[in-house]
Structure formats: C-alpha cells, structure tokens
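First the structure, in the form of structure tokens, and then the observations on it.
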Amino acid sequence: MTEQPLIEHRLGKALGRPGFAADVEPVLRVVAGAGDRIAFETDEAVYAELHETKDVAGLSAPINPVTGPVFVEGAHPGDALAVTIHEIRLLDRGWSVSLPGTGALAGRMGDELFSRRVPIDAEGVHVTDRHVLPPRPMIGCIGVAPAEGVNSTIMPAHALGGNMDVTEARPGSTVYLPVAVEGALLSIGDIHAVMAEGESSFVAIEAEGVAVVSVDVVPGLHLRAPRIETPDEWVFVGLGDPVQESIRRGYEDLFDFLVSDHGYTKGDAYALLSAAGHSKLGGPTGSRDPDPLHPFTAVGAVTLHSIAKSLL
C-alpha cells in the first residue's frame, strides 16, 4: 500500500494579529488526528522597526502577533488540544532587544533602547562577536481562544496558553492546551532562535520563522493549565500569584497525574516528587494582568514542574 503524502497547510505571517479571541474568523479548518501538518509563519517586523527607529511609542508593527486561528474539527470544550511540534524553520537573522523598563536587567540596561541584529547561519546564532551558539528554536506564544473576551499574546500567560516563553515548546514536544470553545482556535507566534531558561531579557533572541505542527484531541481531559510532553519527560505549567501559588498548583497537577493517570498511591507520589520532581521558573510573563500603568511588569509567575518518563 502506498503511504499517503503528508498535507502541509501554509499560513502566512500576514494572518497574524495580537490576542486570542473566539470571535476571530478561522483561517483554516483541519480534522483532529488526521495528521495534517500546519506551517505557521511568524512575524518579527516589530523588532526590525525598533532596530531602525529606536522608538517604542511610535511603533506601527504589532507586538507579538500570533498567526491563525485554526479551527480543529473534533475539539470541544472540556477536551485538551494536543499540538505536536515537528519542525521550526528559522530565517537568517534574529534580534536581541532591551525595551526600557522591562526584563530582569532593566535596572542595568537603563532607559535607552538597545537592539542588535543577530545573524543566523550554518555556524549557528551569532549572539556576540565571540559567541556563536547552536540554535534551539522554540515557540514563545502558543494558545487557544477563551470562551469570552480576549487573552493577551504578550502578558500574562493564561490557562489556555499564551506567551508562556518556555524552552520545552520545541520540536519533538507536544503541548497540551485546555479547550474552551468549539474548534479550540489555535494560534502560534513569537518564535525564538535560542533562549536561556527564565528569559532574563524578556525578548530572548527573537526570530522570524515557520513552526510546523499537527493537532489531535484528548477527549474529556480537563486541564487547568497547559502541560508539555517532551521525548524524556512530562512538564506541568504552574500559574499563580505569588510565585509560591504557581509552584503549588504546578506540583498539584503533577501529583494528580501520577495518582489519577498512573495509579500511584498518594504516599508513593509524594515520595517520588520529593526525590525526583523538579521545579524551575518559566518565562517572565506572569500569571495575572499587569498594572495598566506598567504594562510590561509581570504579576505572579509561570513555573514548570517535571518528572522523567523513565520513572513512570
């Protein structure tokens, strides 16, 4: 029997816009589990403009647009959308940008906007004249639509995804997102060429590119926050304010996964997580709407909680 070729749907960056919302007309419809590949082209125009003008107030390009949305036939509220990342194709450049007042190093970088064009070639990502790093492309912003209102594609990160900025959203991983509306309405943006854990700069090494994914549905999998399956581990996203609340929620979800999905006793789950359940800070986008007067100041925290598959 001849194997059917994969269908790849190409969604151009012109389809990008800020925000996740249920009232946006889908740009594509696919069937869950059919195996279709969807290529989301993302946009870096805002960083090129900042590099040219150094003027945040006068920006014409949108910040963190997401391409989509895609309606997934078979995705219903109360399910989980499984988004498998197959490939991320980068262009020949990325950007390092310091926006005044943002990121962990704002106090060191001062009030002047810094920007650097970062070449990307066969040698790697040319972060400085002395540092050429292997690319580790990832999706910074991936999410689905809320039942009402608009979820930000900048900050905060939401239970339905958003700008989580976690390195685990990379090729070989599957991101699981709670479905709140019929068809889920998946959108993707904010590709990074390489990013350190925690993203001290708030923008990493941003890069235009194409994320190639496929989608499936896990019926009745009620998630209160995203989870990510990598080849080696399960990672649970914690969202809360303050950071201790985020950590608690992430660990609870991991604990419930061991007890409910894998049949562990509470004692065994508790002991195993004490010995081998790891925790770290996720991206810097926070878990609650920032103060309107300081729109890039995070409130709450994104945390990540993981267990090796070999221990299950």
Specify which of the listed residues (Leu304, Leu273) is in a helix (DSSP H, G or I) and either touching a Leu at 6+ places or on another chain (Cβ under 9 Å) or at positive phi (or both). Leu273
Of all residues being aliphatic (A, V, I, L, M) and crowded, with 23+ Cβ neighbours inside 10 Å in the stretch 273-305, which is farthest from the chain's Cα centre (by Cα)? Just the residue, please. Ala301
Identity of the residue in the stretch 18-54, at pLDDT 95 or above and basic (Lys, Arg), that ends up nearest to Pro77 (Cα to Cα): Arg29
Considering residues that are over 26 Å from Pro134 (Cα atoms), in contact with a strand residue (DSSP E or B) (Cβ under 9 Å, 6 or more places away or on another chain) and not in a loop (DSSP other than H, G, I, E, B), the number found within the stretch 72-107 is 6
Between residues in the stretch 172-195 that are closer than 17 Å to Val31 by Cβ and residues that are surrounded by fewer than 21 Cβ atoms within 10 Å (Cβ to Cβ) and of a type in the set (D, E, K, R), which pairs lie under 8 Å by C-beta distance while being six or more apart or on different chains? Gly183/Arg29; Gly183/Glu73
Yes or no: the stretch 281-303 includes at least one residue that is over 21 Å from Ala159 (Cα atoms), at pLDDT 95 or above and among the β-branched types (Val, Ile, Thr). no
Give the number of residues within the stretch 213-230 that are within 17 Å of Ile85 (Cα to Cα) and out of contact with any Phe, Trp or Tyr (no Cβ under 8 Å at 6 or more places or on another chain). 5
Neighbours by Cβ (under 7 Å, 6+ apart or cross-chain): first from the stretch 123-138, on the phi > 0 side of the Ramachandran plot; second surrounded by 10 or more Cβ atoms within 10 Å (Cβ to Cβ) and part of a strand (DSSP E or B): Gly124/Val132; Gly124/Leu133
All positions within the stretch 108-137 that are surrounded by fewer than 15 Cβ atoms within 10 Å (Cβ to Cβ) and assigned to a loop (DSSP other than H, G, I, E, B): Gly110, Asp111, Glu112, Ala122, Glu123, Thr128, Asp129, Arg130, His131, Pro134
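Among the residues of the stretch 238-251, count how many are surrounded by 15 or more Cβ atoms within 10 Å (Cβ to Cβ), in a helix (DSSP H, G or I) and not hydroxyl-bearing (Ser, Thr, Tyr).
Count: 5.
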Is it fair to say Leu258 is of a type outside the set (Ser, Thr, Tyr), touching a His at 6+ places or on another chain (Cβ under 7 Å), crowded, with 18+ Cβ neighbours inside 10 Å and under 26 Å from Asp216 (Cα atoms)? no
Examine the stretch 260-278 for a residue that is under 28 Å from Pro156 (Cα atoms), among the small types (Gly, Ala, Ser) and touching a Gly at 6+ places or on another chain (Cβ under 8 Å), and state whether such a residue exists. no
Take the residues in the stretch 52-110 that are among the aliphatic types (A, V, I, L, M) and over 21 Å from the mean Cα position of the chain (by Cα); name whichever of them is farthest from Thr230 (Cα to Cα). Ala57
Result of the Cβ filter at 6 Å on the stretch 19-33, keeping first residues that are among the basic types (Lys, Arg) and partners that are part of a strand (DSSP E or B) and modelled with pLDDT of 95 or more, at least 6 apart or interchain, is Arg29/Phe71
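For (1) modelled with pLDDT of 95 or more; (2) part of a loop (DSSP other than H, G, I, E, B); (3) surrounded by 22 or more Cβ atoms within 10 Å (Cβ to Cβ), each residue gets a yes or a no:
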site	(1), (2), (3)
Ile139	yes, no, yes
Asp190	yes, no, yes
Gly198	no, yes, no
Asp216	yes, no, no
Scanning the stretch 75-103 for residues that are out of contact with any Pro (no Cβ under 7 Å at 6 or more places or on another chain) and aliphatic (A, V, I, L, M), the one nearest to His222 (Cα to Cα) turns out to be Leu81
Within the stretch 172-186, can one find any residue that is surrounded by fewer than 18 Cβ atoms within 10 Å (Cβ to Cβ), of a type outside the set (A, V, I, L, M), assigned to a loop (DSSP other than H, G, I, E, B) and on the phi > 0 side of the Ramachandran plot? yes
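The values are calculated or read from the model by the stated rules, or taken from the named source; none is laboratory data. Bear in mind the structure is a predicted one, so any value in this text is a computation, not a measurement. Counting neighbours? That spans all protein chains shown, and the Cβs are built from the backbone with ideal geometry, glycine included.
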